[in-house]
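> One structure is given below, represented as structure tokens, and several questions about it will come after.
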Number of protein chains: 2
Amino acid sequence: MSQSYSISLDLAHATAERVGSHGLDAAYFENLSHRVRGFRARLNLERGQGRHSYLALPHDQDALETVLRSAAPRMGHFDDLVVLGIGGSSLGLWALYRALSPLGGAGVCVHVVDNTDPLLFADIAGRVSLKRTLFVAVSKSGSTLETVLALGFFAGKLRAAQLKLADHLMVVTDPEKGPLKKFADEHELETLSIPPGVGGRFSVLTAAGLLPAALAGLDIGTLMEGAEQAERACRECALEQDWPARLGLVATDLCRDKGKRGLVFMPYSSRLAAVADWLVQLWDESLGKSRRLDQTAVEAGQTAIRAVGATDQHAQLQLFLEGPNDKFTLFARVERPEPDLPLGDFEWGAFDAEFVRGKTLSQVLNAQQRGTAQALAERQRPSAALSLPTLSPRVLGELLLGLELATTYAGFAWAVDAYDQPAVELGKRISRRILGG
Amino acid sequence: MSQSYSISLDLAHATAERVGSHGLDAAYFENLSHRVRGFRARLNLERGQGRHSYLALPHDQDALETVLRSAAPRMGHFDDLVVLGIGGSSLGLWALYRALSPLGGAGVCVHVVDNTDPLLFADIAGRVSLKRTLFVAVSKSGSTLETVLALGFFAGKLRAAQLKLADHLMVVTDPEKGPLKKFADEHELETLSIPPGVGGRFSVLTAAGLLPAALAGLDIGTLMEGAEQAERACRECALEQDWPARLGLVATDLCRDKGKRGLVFMPYSSRLAAVADWLVQLWDESLGKSRRLDQTAVEAGQTAIRAVGATDQHAQLQLFLEGPNDKFTLFARVERPEPDLPLGDFEWGAFDAEFVRGKTLSQVLNAQQRGTAQALAERQRPSAALSLPTLSPRVLGELLLGLELATTYAGFAWAVDAYDQPAVELGKRISRRILGG
């Protein structure tokens with residue numbers, strides 16, 4: 001039997017029927033499956049040619065076992081885990097940790113040094129006891145300035161405390177080259193690798209995300225099963241159920257043809273807030289390009305905007321409803337969170353909230369999502385909703401791989417290279433010159 | 001002597017000289033001070049008529065003393081502080097706490113319940129010991145659904161544990177009316193008030209932000225001195241130094257005349273990340289309006305986008321540099337963070353980073369900010385930079401009040417009511433109907 005997704009995408013509120021000229025019409029949706037078929041064929045052709053390397057990760061059983069084998073002997077020996085990494089080397093881990101960390105803050109405490117801010121360095125240095133702390137330095141190139149500075153600072157602290165680097169520091173980097181790899185070899189640090197073909201923002205399912213996640217006690221095995229299911233589904237599922245492809249195409253077309261320059265990602269779940277941060281990098285950096293693949297000029301890209309429901313109903317919704325009609329909102333709902341909470345006995349009536357009695361909290365939260373979607377539609381503002389059966393490692397694996405796929409499809413639709421980031425070196429060169437380097 | 005700001009605004013990278021037709025020309029800037037004078041006169045006239053109530057807060061010595069008097073006897077008796085509040089009732093506290101909390105995580109642990117997410121409720125319930133926890137419920141109206149649900153849940157837990165509500169629960173709400181006020185009176189809970197004229201998103205310098213901040217051990221007295229200095233400066237300082245007014249006008253004009261639909265707020269400081277979240281609500285909800293004050297139709301507003309430097313150089317910068325030229329970036333730099341950190345001895349050369357030797361971390365961070373601003377300018381993308389002398393309670397007070405003032409001025413420029421939020425009720429009504437209420 002062919003594999004399918006457990007997540008589904010509801011595009012009803014993106015149709016012209018619901019939101020008039022700000023939505024896509026019936027002919028568009030009739031044609032969509034044909035286009036998905038074509039893009040899928042292209043994806044499969046190109047992966048055979050060695051592109052889209054991240055799609056091989058869910059099947060890399062060796063890589064998973066390496067992570068598990070490296071993590072196991074360290075567990076229980078540390079109170080704090082400090083990840084030295086930035087961008088793709090921190091956002092993926094946060095997305096995993098915020099979504100899946102044990103309730104009640106049990107287990108090792110996770111910190112991330114993702115900035116060159118002295119207050120951040122000092123804060124984390126003040127929070128941890130070096131003897132009971134494990135550091136993981138993550139940098140694909142091995143020369144990311146922010147990560148190198150953090151490494152220098154904390155390695156200096158370990159040396160000053162006469163602790164052995166190899167006992168307290170692990171490395172994730174390119175398997176062959178780069179200064180971090182060299183440093184790790186010289187100091188006999190345990191080193192895991194990021195496959196050369198996988199870029200930082202697509203690296204959450206490599207050791208960059210998986211090693212710290214495993215050290216934090218997350219169930220990365222099941223996470224990868226979910227990702228594997230998604231990878232099979234992307235080849236086998238019915239075209240109408242191919243939510244990543246449909247999302248990538250619909251978001252791009254709403255941007256180019258209907259002026260929806262912003263993609264608001266609004267999960268109704270505090271635990272998915274960091275997935276929103278992760279998606280901001282994935283979407284912005286992959287699609288924000290000044291050249292198409294054929295080198296013609298373009299100002300491609302759509303600004304991903306992080307929102308969290310119901311929280312941001314009290315912060316950003318006024319703008320989304322009444323401000324410029326230039327956004328497409330992508331909701332995510334968790335149908336059956338575990339645990340759900342029944343709303344017990346309380347003076348609900350006194351607060352004009354008798355209607356919540358007997359409900360569970362997720363019923364309220366998901367009603368709020370529907371209310372917001374409908375309110376947007378009444379103002380002719382398009383939206384779509386991802387429905388997650390629950391928030392398990394398996395579903396999260398599917399969600400992350402699916403959003404990566406959606407980004408690849410959006411890259412096809414924009415005709416840009418979704419895997420490079422040619423502009424980010426410019427500011428670095430200028431900063432370096434300012435510092436006399 | 002007239003009072004002035006300690007923060008300054010550099011608009012050089014927003015000029016036509018630097019960014020061509022995407023910037024504002026010399027004639028614009030020549031005229032700007034005259035316009036600031038006119039808008040200032042309007043502000044002062046209207047505050048005399050009872051509008052812009054938040055400007056009175058820095059002078060309300062009684063309110064400050066009430067907060068300090070209420071907080072003092074509770075301090076030292078609790079390990080955890082849990083704030084039940086959403087939107088304006090949580091973002092302000094987070095902005096204060098993230099910016100000013102003691103280094104190393106000393107002191108009481110702060111949590112915020114700002115969503116109807118069962119996983120959030122369960123997580124916080126699992127983290128705290130009720131006996132050693134103080135709850136503060138914050139809601140201006142006293143009927144905010146999310147806050148009422150959290151109150152019902154945690155009050156239920158306190159009752160089940162046979163703990164007295166009055167020992168573990170404080171309230172901040174309207175001084176006269178609303179169900180939360182009534183509930184507090186019935187249960188003899190200590191209650192502080194939000195002045196009726198001050199809306200949620202302008203409430204950070206009321207008890208809504210100040211009480212939890214004081215309970216968390218922050219120096220709110222000095223914070224309010226900084227806010228008071230800003231409030232005096234907004235009436236007295238030289239027009240050229242009036243950064244809030246200049247920012248409000250420049251941002252609005254860049255949006256309307258130059259198509260800069262996004263305001264990227266990018267502090268180069270991890271500690272100001274939550275100020276960015278706070279500003280998103282302030283800017284979006286205040287300016288995102290479908291009617292002008294004269295009731296004519298408009299799609300007013302500019303989307304505030306949160307970014308943190310240097311972190312987001314590795315996430316959003318590619319889009320900002322090469323994607324659509326539809327954003328205005330507002331940087332904030334901290335000139336002398338305390339502590340700053342000298343970069344000690346390390347194998348910098350092996351990482352091709354010998355140029356950092358002898359530098360401090362903030363020199364690197366601020367060079368990164370300048371490099372990014374220059375890179376944006378080279379791509380004709382306008383930016384401006386706020387310069388903060390340091391990150392103290394005093395400077396933060398000035399920053400927050402100044403950003404509120406900038407929002408008021410932007411409201412003038414858009415000709416909208418910056419203090420209402422007419423659209424946010426719509427989704428709530430629909431959600432309620434879905435739940436059968």
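> Can you list the distances in nanometres, one decimal and ascending, from the A:R256 label point to the identical position in each other copy, with the point 7 Å along Cα to Cβ?
The answer, with the shortest distance listed first, is 3.3 nm.
> Defining the label point at 7 Å along Cα→Cβ, can you sort the distances from B:D62 to the same site in each other copy, shortest first, in nm?
The projected label point of B:D62 is separated from its counterparts by 7.6 nm.
> What is the extension gain from A:R336 to A:A56, computed as 0.36 nm multiplied by their sequence separation minus the C-alpha to C-alpha distance, in nm to one decimal?
Result for the pair: 97.8 nm of gain on full extension.
> Return the subset of A:K181/A:K428; A:K140/A:K260; A:K260/A:K359; B:K327/B:K359 for which the Cα-Cα distance in this structure is over 26 Å, preserving the input order.
Checking Cα-Cα distances, A:K140/A:K260; A:K260/A:K359; B:K327/B:K359 exceed 26 Å.
> Same structure, new question: Between A:A26 and A:D352, how many nm apart are label points set 7 Å from Cα along the C-beta direction?
Inter-label distance under the simple model: 4.2 nm.
> Okay, next question. Give the whole-number value, in cubic angstrom per residue, of the convex hull volume spanned by the C-alpha atoms of region B:280-437.
Cα convex hull per residue, to the nearest whole number: 196 Å³.
> By how many degrees, 0 to 90 and rounded to 10, does the Cα axis of helix B:424-434 deviate from the longest principal axis of chain B?
40
> What do you get for Rg/Rh of region B:102-252 when both radii come from the Cα atoms and Rh is the Kirkwood radius?
Result: Rg/Rh = 1.05.
> Enumerate the residues in region A:85-122 having an amide nitrogen under 12 Å from the point lying 7 Å beyond the Cα of A:A160 toward its Cβ.
Residues passing the 12 Å test: A:122.
> Counting only Cα, what are the radius of gyration and maximum Cα-Cα distance Dmax of the protein assembly as shown, in Å?
25.9, 82
> What are the label-to-label distances in nm, one decimal and shortest first, from B:R291 to the same spot in the other copies, with labels 7 Å along Cα to Cβ?
Inter-copy label distances (nm, one decimal, shortest first): 5.1.
> For chain A, with a Gaussian network of springs between Cα atoms less than 10 Å apart, report the residue from A:T372, A:T311, A:T408 with the top mean-square fluctuation.
A:T311
> Would you mind putting A:137-149, A:238-250 in packing order, based on average other-beta-carbon counts within 10 Å, highest first? Before the final figure, lay out each step's value.
Numbers: A:137-149: 25.4, A:238-250: 22.1.
Result, highest mean first: A:137-149, A:238-250.
> Could you give the nm distance between label points at B:K177 and A:R127, where each point is 7 Å from its Cα heading toward the beta carbon?
About 4.4 nm separates the two model spin labels.
> Okay, moving on. If one computes the Cα centroid of region B:324-359 and of region A:417-437, what distance in Å separates the two points?
One Cα centre to the other: 14 Å.
> Work out the FRET efficiency for B:Q49 and A:D257 from their Cβ-Cβ distance, taking R0 = 45 Å, and round it to the nearest 0.05.
Rounded to the nearest 0.05, the efficiency is 0.45.
> Across 10 Å bins from the origin, how do the percents of Cα pairs in chain A run, short distances first?
Here the calculated profile for chain A is 4, 20, 29, 25, 15, 5, 1.
> Defining a contact as two alpha carbons under 8 Å apart and six or more residues distant in sequence, what relative contact order in percent does chain B show? Don't skip to the end; give the middle numbers.
Details: 771 pairs, mean separation 101.8, N = 437.
Across chain B, relative contact order equals 23 percent.
> GNM on chain B, C-alpha springs below 10 Å: top fluctuator among B:Q421, B:Q302, B:Q49?
B:Q49
> Pull up the DSSP beta bridges for the protein assembly as shown and report the antiparallel fraction as a percent, rounded to 5. It would help to have the intermediate numbers written out before the result.
Values: 10 of 79 bridges.
Antiparallel bridges: around 15 percent, rounded to the nearest 5.
> Show which lysines lie in cross-link reach of A:K131 when reach means a straight Cα distance below 19 angstrom and same-chain residues fewer than eight apart are skipped.
A:K157, A:K164
> Please report the antiparallel percentage of the DSSP beta bridges confined to chain B, to the nearest 5.
If I count the DSSP bridges inside chain B, around 15 percent turn out antiparallel.
> Moving on. What full-extension length gain, to one decimal in nm, is calculated for B:R235 and B:D420 as 0.36 nm per residue of separation minus the Cα-Cα distance?
Value of the extension gain: 64.2 nm.
> Taking A:K182 as the anchor, which aspartates and glutamates have their alpha carbon closer than 17 Å to its alpha carbon, excluding any fewer than eight residues away along the same chain?
Those aspartates and glutamates meeting the cut-off are A:D174, A:E190, B:E347, B:D352, B:E354.
> Rounded to the nearest 500, what is the 222 nm mean residue ellipticity of chain B from helices alone, with -39500 (n - 2.57) per DSSP H run of 4+ residues and division by all residues?
Counting only the DSSP helices, I get -14500 deg cm²/dmol.
All of the numbers you see were taken from the coordinates with simple rules; none came from a lab. Bear in mind the structure is a predicted one, so any value in this text is a computation, not a measurement. Neighbour counts are summed over all protein chains in view; Cβ atoms, including those assigned to glycine, are modelled from backbone coordinates with ideal geometry.
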